[in-house]
Every structure is written in structure tokens, then in C-alpha cells.
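Here's the structure, in C-alpha cells; my notes come after.
Every read-out reported here was derived from the displayed coordinates using simple, explicitly stated rules and does not represent laboratory data. Keep in mind that what you see is a predicted model, and the values were worked out from it rather than measured. As a convention, Cβ positions derive from the backbone with ideal geometry for all residues, glycine included, and neighbour counts pool all protein chains shown.
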Amino acid sequence: MGFVTKLMRRAKTAGHISASGVILTVVIGFLVAVPEASSRNFEEHEVKAAFLYSFAQFIKQTPKENSAPTSTLNYCTVHEGPVENALKALIAARQTQGETRRYILLADWSEIGQCHFLFQGADSERSEPIQLSADESLITVGDSPGFVANGGIIEFQRQGTRIKVHVNLETARKHGIKISSKLLKLATIYSPNSGEKVDD
């Protein structure tokens, strides 16, 4: 049984799909849109990539000062591994009219000003979250242990057969990032004051 099937079974309650199930349904839709992935179970890196893609529907950023409105959403990384390659394939398969998502492999960290999402995988050279200035509104996502505890905004954690989403809500708010309650109901909220993670 694949990751997505197991996730969906946990999301269904009393004949309906919960708020977290709505997000998982979106994730599944993105996965099956990739032709070569439509008839098989999904690997962990594909599920992470689908979550990354779907986060845009549930997260809003404060527009940068003096910046013109744009329909382009940039997903950035400085390293290419399984998650990054799956995300690149997903973006290529899901292009829609009126909305453009771009996958950008950065030459170095100085180029993050063009990014909306920055993924820092545990297998990359720098897996710890990049430290942002107060006026930077960038959604940092990683899968290394302690990513949200060290200032990242979203962390993927493998727990048994599940991929859990952990959110540092305080850091997100500090950088003008608003996260939908639908995503927060699915996530575990990191509490920096107590050093513990508590379910929302």
C-alpha cells in the first residue's frame, strides 16, 4: 500500500473527508497528473513534492514593497535530489492558463530574492534553514531534523508510514506569511517557547 492510500484512509471520517483530507485530495490530484506516476504507488519524495506544490493554495505571503503583482510562483532550491526532481516534473505537468509556476535551481544563496518557496533537503549541502531578515517573506521548507526548531517555516517528518507536516507558526507570522486553518489542522504546530511540538 502506497503513502497516499494510507494517508487518505486516515483522513476519512464517518463517510466524509475532513479538512486535512481536502488537502490530501489536492495532493493526490497533483500526483496523478504526472503521466508516468498515474498507475502506481507513490514514493516518499513524490509525496513531499506534491505537498510542496499544494502549499501554494493554503499559504499567502505579504507582497514585497514596490513590487508589481505577479501570477508567477517560484519554487527554488540550490540542490537537486529526488524531491526537487519530482517537484520539477510536477510543475511541468501542471501548468495552467493564467498561472505560471517555475522551478529554479539557484546558483547560490544570494539569489533567493526571486523565490516564494525555498526547499532545503536533508541531502543538500546546506540543510539547515536559511536565516531571513525581518522584511523577507519567503516560505522555507525542509526535511532535516530540527528544521522548524532552527527557524524554518515548514518541516516534513517521516513517522512510520506517514509524512507529517510541522509548522513554525511564529516564524511564519514574523515574516508576513499567512497559513490557512485547513493546513494548520493537518499540521503539527511547533512551539518555540516550550521547545515541544503540539498538535493544533
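For the residue pairs Lys48/Lys174; Lys88/Lys185; Lys48/Lys164; Lys88/Lys182, the C-alpha atoms sit more than 21 angstrom apart in Lys48/Lys174; Lys88/Lys185; Lys88/Lys182. Packing-based ranking of 179-186, 137-144 yields 137-144, 179-186, ordered from highest to lowest mean Cβ neighbour count within 10 Å. What does the charge count around Asp108 come to, taking other residues whose C-beta lies under 12 Å from its C-beta (Lys +1, Arg +1, Asp -1, Glu -1)? Once all neighbours under 12 Å are counted, the net charge is -1. If you take the beta carbon distance between Lys60 and Gln159 as r and set R0 to 25 Å, what does 1/(1 + (r/R0)^6) give as a FRET efficiency, to the nearest 0.05? Here the calculated transfer efficiency is 0.35.
For the stretch 45-170, how big is the tail of P(r) above 19 Å, as a whole percent of Cα pairs? Everything past 19 Å amounts to 46 percent.
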